[in-house]
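Notes to accompany the following structure.
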Amino acid sequence: MAENTPLSLQDAAEEHERLSEYLKEQNRAYYQEDDPNISDAEYDALMLQLKELEAAYPDLVKADSPTQTVGAATSRGFGKVLHAVPMLSLDNAFDNADLREFEIRVKRFLGRPVDENVAFFSEPKIDGLSASLRYEKGVFVRGATRGDGREGEDITENLKTIEDIPKQLQGDSIPDVFEVRGEVYMAISDFQELNENQAKKDAKVFANPRNAAAGSLRQLDVKVTKSRKLKFFAYAWGEVAELPGQTQKEILDQFKAWGFQVNPYSKVCLNMEEAIEAYNQIEADRASLDYDIDGVVFKVNRLDWQDRLGFVSRSPRWAIAHKFPAEKAITKLLAIDIQVGRTGALTPVARLEPVNVGGVVVSNATLHNEEEIERKDVRIGDTVVIQRAGDVIPQIVEVQLDKREEGAEVFEFPKTCPVCGSHAVREKNPTTGKDDVVRRCTGGLVCKAQAVERLKHFISRNAFDIDGLGAKQVELFYNLEKIKTPVDIFRLEENDKKDLRKIKNLEGFGDKAVSNLFNAIDDRRSVDLDRFIFALGIRHIGQGNARLLAKNYLTIDALMKAFDAEQTDQGVAYTELLNIDGIGEAVADAVKEFFSEPQNRELLFDLMKEVTVIEFEAPDLESEVAGKTVVFTGSLELMTRAEAKAQAESLGAKVSGSVSAKTDYLVAGAKAGSKLKKAESLGVQTLTEQEWLDMITKD
Ligand code: IVH
């Protein structure tokens with residue numbers, strides 16, 4: 001058995017590299033694209049395999065190995081932490097009357113006379129994410145997110161990167177166990193700086209400090225968390241061996257002494273009237289704070305009373321939050337600009353006469369989409385009410401129709417892309433049959449707003465897959481204006497000769513690397529039809545649909561001709577397309593849009609001068625495996641998963657992800673797990689990779 005044969009160090013290193021890269025890719029698919037392509041069980045099995053390999057060859061462990069970056073995870077992602085004391089939420093008060101009622105409820109519950117003063121502790125409600133930090137004998141041992149309140153995620157390593165969180169409590173008289181709770185947040189200035197840097201790198205820009213804090217904290221790669229400036233205010237506790245005080249104030253003072261930050265606006269108020277004053281003060285100062293707050297929290301100061309009051313469902317009876325109302329202002333809409341996102345979505349942005357909204361000067365607001373403009377009947381020149389809530393991007397709430405000037409025209413949403421001039425369309429949602437709310441540019445490959453993303457797709461592994469030309473290089477060449485469209489890739493060598501900024505002089509390149517790159521590009525001058533179609537990045541055309549199209553049209557000429565005729569031939573090609581089993585309206589619309597866009601056709605003609613698209617070869621139905629259902633499992637060594645699948649399908653086999661009684665063959669790579677067991681129990685024929693290859697290559 002393979003497991004028992006010790007690997008040579010070199011083999012082990014190669015296996016380690018392969019597994020690590022694969023798992024990293026899966027992490028990306030799961031966390032960044034939210035699009036996992038293997039099951040949790042498969043992921044766990046591979047992770048276990050990697051751990052075993054590292055246990056046998058400890059020299060292979062690197063800081064960025066998936067086994068190290070996942071922290072205490074038992075499964076994919078973070079480990080789970082059960083909160084011994086649940087993390088609750090707060091009831092809301094909407095105005096002062098609600099607060100006074102809360103005061104009366106508290107007194108009634110405690111049996112205190114109505115005219116007696118009950119002291120409340122007021123604290124700003126920080127707009128971040130709550131976390132629970134467990135200290136054992138004063139040492140920070142575990143930190144968790146709130147999760148669903150009962151169970152959170154283990155983010156200890158991430159929390160350790162935050163300066164405000166002491167790794168060791170200061171002073172003596174420290175309880176054996178103490179869970180400090182509070183809010184992780186990002187300062188507004190740090191958020192702005194982060195976004196500026198993100199924009200420069202063409203990376204994700206966050207909508208507000210809260211999202212930035214969340215995105216920074218829940219990172220499998222702790223280095224990312226560390227590079228972001230996060231902060232922490234302590235305001236509550238969970239499981240504790242003993243409480244070092246008798247009031248909320250005393251505990252927070254102790255927190256300070258232990259080395260925590262406690263919000264400076266926190267204070268004792270003798271009664272609710274004083275608490276309301278505290279609220280007004282905090283609200284007045286809100287705009288000058290360098291962090292977002294979304295209200296004020298009031299807590300009964302005495303802990304014995306907190307204890308007696310207890311909880312109703314998910315919130316304490318002894319606390320209430322008064323949220324700030326959204327801040328509004330009135331101004332004039334000067335213009336509506338259309339921005340084109342990296343996926344081609346056209347987003348309208350309102351340009352406003354600058355106006356002060358709760359201390360922030362606002363001159364832009366989002367209008368979301370075309371439908372929103374229609375629904376609110378927003379017209380240029382209108383007087384509008386804008387609102388800035390917790391989120392940083394202000395919104396238009398309504399139009400003051402009585403102030404509309406005569407002759408104000410209905411806003412006509414552009415039907416072409418303002419960046420490249422291609423048609424911009426609203427697709428039909430296949431389930432509801434209604435038009436999508438978002439209008440998108442159809443000039444993916446020619447549109448500057450989308451160019452880099454599309455180029456990255458064009459060269460991705462299942463598309464042109466050019467060695468030495470990855471996402472990083474494409475970005476670099478795009479910025480240097482060496483590659484602006486896919487055609488430029490194939491003219492890179494020729495154009496480099498005429499360009500003064502030679503690639504060989506760029507950092508990371510040399511004569512050898514450049515000649516390798518040009519050779520790799522030349523190697524891809526002939527390409528399979530399905531890869532070619534997939535590379536075009538037509539909406540809804542993933543690998544599967546690209547194959548379907550290839551299978552049905554056989555050549556790129558036939559496909560283009562079909563949609564050329566479409567111009568005169570009133571939908572024949574479209575109907576044919578819809579008749580293909582597995583192609584629905586959304587896909588057909590997208591294909592039609594793509595091929596009837598003149599700029600796309602031009603690009604295709606240019607591309608075809610550079611590359612030869614190989615005619616699709618009909619599956620060999622003579623093959624022994626034609627019509628059979630195959631499942632691949634375990635880690636394949638002789639071929640990649642994608643390759644195995646494509647090859648099997650080209651022979652007319654159906655490739656499935658799970659084993660059932662209908663499965664004809666299970667091809668099991670190394671360390672196959674549950675699928676192999678299942679196949680054996682169902683009596684499905686199992687094959688090694690080699691046996692499978694022998695079978696399909698047999699004459
Ligand atoms: S006390 C048992 N105090 O608000 C009471 N919460 O709506 C637990 N929050 O999940 C919460 N600032 O994320 C409390 N000074 C503060 C707070 C605060 C922000 C958040 C916290 C909690 C949510 C409840």
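The values are calculated or read from the model by the stated rules, or taken from the named source; none is laboratory data. Values in this document were obtained by computation on a predicted structure and should not be read as measured data. Cβ atoms come from the backbone with ideal geometry, glycine included; neighbour counts cover every protein chain shown. SASA here: full protein model, heavy atoms, side chains in, ligands and nucleic acids out. Shrake-Rupley method; radii C 1.70, N 1.55, O 1.52, S 1.80 Å.
Worth pointing out:
- Placing a pseudo-label 7 Å from each Cα along the Cα-to-Cβ vector at Leu480 and Lys167 gives an inter-label distance of 4.2 nm.
- Cβ-based net charge around Val177, under 15 Å, with every Lys or Arg adding one and every Asp or Glu removing one: -1
- Exceeding the 32 Å Cα-Cα cut-off - candidates Lys551/Lys662; Lys456/Lys497; Lys328/Lys456; Lys137/Lys204: Lys328/Lys456; Lys137/Lys204
- Spacing of the two label points (7 Å from each Cα toward its C-beta) at Glu193 and Leu289, in nm: 2.1 nm
- Sorted from greatest to least, the principal axis extents spanned by the alpha carbons of the stretch 231-381 come out as 61, 35, 32 Å.
- Note: relative contact order over the chain, using C-alpha pairs below 8 Å and six or more positions apart, is 8 percent.
- The lysines within cross-link reach of Lys267, meaning a Cα-to-Cα straight distance under 17 Å and a gap of 8 or more places when in the same chain, are Lys125, Lys249, Lys256, Lys299.
- Note on the stretch 379-454: with neighbouring protein chains present and a 1.4 Å probe, carbon and sulfur make up 49 percent of its accessible heavy-atom surface.
- Cysteines (scope the chain) whose Cβ has no counterpart Cys Cβ under 4.7 Å: Cys269
- Per residue, the solvent-accessible area of the chain (1.4 Å probe, heavy atoms of protein chains only, all protein chains present) comes to 51 Å².
- Phi to ³J(HN,Hα) by Karplus 6.51 cos²θ - 1.76 cosθ + 1.60 over the stretch 444-455, Hz, x for Gly, Pro: x, 7, 10, 8, 4, 5, 10, 3, 5, 4, 5, 5
- Local electrostatic count, Leu9, Cβ distance below 12 Å [Lys/Arg +1, Asp/Glu -1]: -4
- Distance cut-off 51 Å, percentage of C-alpha pairs in the chain lying past it: 28 percent
- For the stretch 467-498, backbone nitrogen atoms closer than 18 Å to the point 7 Å from Lys62 Cα along Cα-to-C-beta are found at 468, 470-472.
- Virtual spin-label span in nm between Thr640 and Glu21, 7 Å along Cα→Cβ: 0.9 nm
- The accessible-area ordering, largest first, of the residues Trp237, Trp305 stands as Trp237, Trp305, per a 1.4 angstrom probe.
- From the C-alpha gyration tensor of the stretch 516-606, square roots of 5λ in Å: 24, 15, 11
- Charging the Cβ of each Asp and Glu at -1 and of each Lys and Arg at +1, and nothing else, the dipole of the stretch 395-439 about its Cα centre rounds to 300 debye.
- Heavy atoms of His457: accessible area, 1.4 Å probe, square angstrom to 10: 50 Å²
- A helix-only calculation puts the chain at -11000 deg cm²/dmol for mean residue ellipticity at 222 nm, using -39500 (n - 2.57) for each DSSP H run of at least four residues, averaged over all residues.
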